[in-house]
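**Q** If you scroll down you'll find the structure; I have some questions about it.
Laboratory data are not the source of any read-out in this text; all were calculated from the coordinates shown. Everything quoted here is computed from the prediction, not taken from an experiment. Neighbour counts run over all protein chains shown; Cβ positions are idealised from the backbone, glycine included.
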Amino acid sequence: MSPWQGPATSLPTGDHAVDALIATAAQSAQLPADEHKALYSSVIAGLEQELNSDPHTQLSGAAS
């Protein structure tokens, strides 16, 4: 079984921003189908932003 087929209560990624985006994507079940594309586009844009962010900037911000 793929990790994507696991239960909805799977462990978080440990990255708060990514976990929040995944939680947002999970809300699609409560939306009409015609609203899914906009939700997923928003989630994908957020994930791309997280992937492209500089982890050193986040770490130095946490230390201050």
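**Q** Along segment 31-37, what does the Karplus equation 6.51 cos²θ - 1.76 cosθ + 1.60 (θ = phi - 60°) give for ³J(HN,Hα), rounded to whole Hz, x for Gly and Pro?
**A** 9, x, 4, 6, 9, 5, 4
**Q** Could you order the peptides 24-35, 42-53 from most to least packed, using the average number of other C-beta atoms within 10 Å per residue?
**A** For the peptides 24-35, 42-53, the packing ranking is 42-53, 24-35.
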